[in-house]
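Data first, discussion second: the structure below is written as structure tokens.
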Amino acid sequence: RCIQSTNYAEGEGPNSNNGGKYRASKVADKDKKTYFTKHGREVKDGGGVAVDFKVESEKTSALEFTLLRTGLFSDFASKWSRENQLTNNLDIVTDSTYQKFKQFVMERQKEGDIQLDAVYSGPIDNLKKALTQSGYKGTSKELEQLRASLIKDIERDFEKYKKEIKEDIGQNILARYLPESMLLEIGIKRDSQVQAAVELIRDETSFNTLLGRVGDETSNGDGGKPVANDGLGTVIASNSDDIIEGDTHFHIVFLGGQDIPSRTKN
């Protein structure tokens, strides 16, 4: 089973008459073949690497996007480092610190260093210009009211997305003191997608159901030889007779000292 999702034109290459350009096309759904794993789970080819367990990533708000793009997290971290000392407590962004950060941002907004509505100001300005050119000058007041309303809504995001913004502040401060490996460890422990994957693996019933497993998950019945599932639900065994064409290994790697039982044997 070949999971490659793109077909390339046969015979094309660096020495071809078309200047070495490859012609590529996606595998159509009608051309995808169906296979079955050892435990009877249906899998298809030609679809690339597709996940079995999807966890939606956290959405970035307009406020957070603007703060990241303008470098205000880094600027505040520099200010914090000049005024404070890092202790053994790495949970450094208290509610008091968060309020100071909010004041820091609003001061920069007032001074004109940033625009909290920067994500939307471009389209609003373009609309205003187009309306003025069309002779609709009376709409300028309404557009300015819209801009003011947008800024108020974005300011409310300080509370709505407080958790995410506090994590950004903390990461930027700690980046001045800790090596990247420790920052990654801290980030992974707080990552919602990693935590969801951890909970899935701990839930043996759900994990086996997801991968279509039945019976003994670590033996294929042939002398106790190891069997594991890849991310597409396919089976890997030490005996080549147990492997369907094109199977690949399934690996999950967790950092941060999570105590997770192994699901595969290498």
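The values are calculated or read from the model by the stated rules, or taken from the named source; none is laboratory data. None of these values were measured; they are calculated from a predicted model. Please note: Cβ atoms are built from the backbone with ideal geometry, for glycine as well, and neighbour counts cover all protein chains shown.
Data overview
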quantity	calculated
Of residues in the stretch 87-104 being touching a helix residue (DSSP H, G or I) at 6+ places or on another chain (Cβ under 7 Å) and assigned to a loop (DSSP other than H, G, I, E, B), the one surrounded by the fewest Cβ atoms within 10 Å (Cβ to Cβ)	L90
Residues (assigned to a helix (DSSP H, G or I) and free of Cβ contacts under 8 Å to residues at least 40 places away in the same chain) located in the stretch 187-197	G187, R190, Q195
Subset tally (residues that are surrounded by 15 or more Cβ atoms within 10 Å (Cβ to Cβ) and over 22 Å from K189 (Cα atoms)) for the stretch 75-86	3
Qualifying residues in the stretch 15-42 (those that are hydroxyl-bearing (S, T, Y) and under 14 Å from R1 (Cβ atoms)) - the one modelled with the lowest pLDDT	T37
Residue within the stretch 55-67 that is in contact with a Cys (Cβ under 9 Å, 6 or more places away or on another chain), surrounded by 11 or more Cβ atoms within 10 Å (Cβ to Cβ) and of a type in the set (D, E, K, R) present	no
Some residue of the stretch 117-124 being closer than 27 Å to M182 by Cα and among the hydroxyl-bearing types (S, T, Y)	no
Neighbours by Cβ (under 6 Å, 6+ apart or cross-chain): first from the stretch 55-67, touching a residue at least 40 places away in the same chain (Cβ under 8 Å) and part of a loop (DSSP other than H, G, I, E, B); second charged (D, E, K, R) and surrounded by 12 or more Cβ atoms within 10 Å (Cβ to Cβ)	S61/D157
